[in-house]
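> Attaching a single structure in structure tokens format; questions to follow.
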Amino acid sequence: MHKTAPTSRLGRLRARLWKDRYLLLLGLPGIAYFLIYRYVPMAGLYMAFIDYSPFQGIAGSEWAGLKHFARIFEDSEIVQVLWNTLSISFLQIAFAFPVPILLALMLNELRNPIYKRIVQSVIYLPHFLSWVVVIGICTIFLKGNGVVNDLLKQGFGIVQPIPFLTDPGYFKPIVIFQVIWKEAGWGTILFLAALAGVSPQLYEAANMDGAGRFRQMWHITLPAIRNTIVILLILRLGHVMDAGYEQIFLLLNPFNMEIGNILDTYVFFKGIGQSDYSFATAVGLFKGAVGLVLVLSANYIAKKLGDDGVF
């Protein structure tokens, strides 16, 4: 009796796998991607606990324990780097995260389907541009003899060009503006998908009760996407230590390095530029651990407040 139960469970598992074989084949490329590019490289995290030398290899390098993690809190530069990373990330959450919600609410109010599709297509397009192209367009507009300075000179008589790309004071506003322009339209897809499930009868009932468009939005539309907002916010908090490597790296120059150098670029300069691979790996692992703690904490708080959370 005790031997038949596992066999039965194994038989049911095989039958289910065979039944869903085509679905599993469809998911195989995605599974392979995560295995090859996400899980297998995690073996390299071992470098954070050794004094890695390219000549001796991972197996031949000496064990260092937590020495490189202690260096994170001893390095004076890391304090400024952490501040840059957190400030840029929270500015993105404060200003860039709400924009897709507002766009989804406005698009949901449009009644002309043709005009709605045109607007959606226009605001989606920047998402498909690489950061190299976005930074290139930004440079053309904001350089000393660029379009913006020409307009300021002709329209307002400002003769001295404004150094948008080299003045540290403009660095963070430019980063936030670029994120909004590139990703806000794409982010509306999830919120519009959530709004598609709202029953039109709710709006009809609210209209019969005398509720205007604003009250319908406040009492029907926003509650319908509340759970989606909470889930995306929790997932975004998991990337709070990741302020966008490619974008920041392309915007960095000697003039804004102090205010623009974030953890990802710091790891690159330390690991590749100075060949300090073990310390760079430790910083990357520390960043991931902080992100995991933030996701778990935000998910716990969301559940305590009555939302579903991520898990």
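The values are calculated or read from the model by the stated rules, or taken from the named source; none is laboratory data. Computed from a prediction, not measured in an experiment: that's the story for all the values here. Cβ sites come from the backbone with ideal geometry, for glycine too, and all protein chains shown count toward neighbours. Accessible surface is based on the protein model in full, side chains and every heavy atom, while ligands, DNA and RNA are left aside. Shrake-Rupley method; radii C 1.70, N 1.55, O 1.52, S 1.80 Å.
> Pick from ALA96, ALA298, ALA15 the residue whose mean-square fluctuation is largest in a GNM of the chain, springs joining Cα atoms under 10 Å.
Maximum among the listed residues: ALA15.
> I would also like to ask the following. How high is the FRET efficiency from ARG12 to MET42, r the C-beta distance, R0 25 Å, rounded to 0.05?
It comes to 0.20.
> On a straight-distance basis, which lysines could pair with LYS19 in a cross-link, Cα separation under 27 angstrom, same-chain partners fewer than 8 positions away excluded?
By straight Cα distance, LYS19 reaches LYS3.
> What helices does the chain have that are whole DSSP H segments, at least 20 Å long along their own axis by Cα, and with mean Kyte-Doolittle hydropathy of 1.6 or more? Spell out each step's value before the answer.
Values: long enough: 4-19 (22 Å, -0.75); 76-91 (24 Å, 1.07); 171-195 (35 Å, 1.28); 222-237 (21 Å, 1.76); 277-304 (41 Å, 1.06).
Those that pass (Cα extent of 20 Å or more, hydropathy at least 1.6) are 222-237.
> At a 1.4 Å probe radius, carbon and sulfur cover how many percent of the accessible area of the chain?
After summing per-atom areas, the C and S share lands at 69 percent.
> Okay, next question. Check the straight Cα-Cα distances from LYS67 and name the aspartates and glutamates below 20 Å, setting aside those fewer than 8 residues away within the same chain.
List returned: ASP51, ASP75, GLU77, ASP276.
> Ranking request for peptides 184-192, 35-43: highest mean number of other beta-carbon atoms within 10 Å first, then the rest in descending order.
Those peptides, ordered most packed to least, come out 184-192, 35-43.
> Kindly identify segment 11-140 as rounded, prolate or oblate by the Cα gyration tensor criterion: order the square roots of the eigenvalues as a ≥ b ≥ c, call it rounded if a/c is under 1.5, otherwise compare a/b with b/c, prolate if a/b is larger, else oblate.
oblate
> Something else now. Going by the alpha-carbon gyration tensor, a ≥ b ≥ c the square roots of its eigenvalues, is segment 166-261 rounded (a/c under 1.5) or, if a/c is not under 1.5, prolate (a/b greater than b/c) versus oblate?
It comes out prolate by the Cα gyration axes.
> Order of 274-287, 21-34 by packing, highest average Cβ count within 10 Å first? Walk me through the numbers before you get to the answer.
On the way: 274-287: 20.3, 21-34: 9.7.
Sorting 274-287, 21-34 by mean packing, highest first, produces 274-287, 21-34.
> Still on this model: Of LEU91, LEU17, LEU152, which has the largest mean-square fluctuation in a 10 Å C-alpha GNM of the chain?
In this elastic network of the chain, the residue with the biggest mean-square fluctuation among LEU91, LEU17, LEU152 is LEU17.
> Also, quick follow-up: Sort MET208, MET257 by accessible area with a 1.4 Å probe, largest first.
Largest accessible area first, the list is MET208, MET257.
> Set the bar at 24 Å for Cα to Cα. Now go through LYS143/LYS287; LYS172/LYS287; LYS116/LYS182 and name every pair that lies beyond it.
Numbers: LYS143/LYS287 33 Å; LYS172/LYS287 21 Å; LYS116/LYS182 19 Å.
Where the Cα-Cα span goes over 24 Å, the pairs concerned are LYS143/LYS287.
> Over segment 9-70, average the accessible area per residue using a 1.4 Å probe and give it in Å², no decimals.
Ligands and nucleic acids excluded, the result is 84 Å² per residue.
> Which order do you get for HIS127, HIS219 if you rank them by accessible area with a 1.4 Å probe, largest at the top?
Details: HIS127 50, HIS219 115 Å².
The ranking, largest first, comes out as HIS219, HIS127.
> Taking every pair of alpha-carbon atoms in segment 65-210, give the share separated by more than 25 Å as a whole percent.
Cα-Cα pairs in segment 65-210 separated by more than 25 Å: 53 percent.
> Right, here's the next one. Mean residue ellipticity at 222 nm from the helices of the chain, using -39,500 (n - 2.57) per DSSP H segment of n ≥ 4 over the full residue count, to the nearest 500 deg cm²/dmol?
Computed mean residue ellipticity for the chain: -20000 deg cm²/dmol.
> Separate question: For segment 115-154, what's the radius of gyration and Dmax over Cα atoms, in angstrom?
That works out to 13.8, 37 Å for Rg and Dmax.
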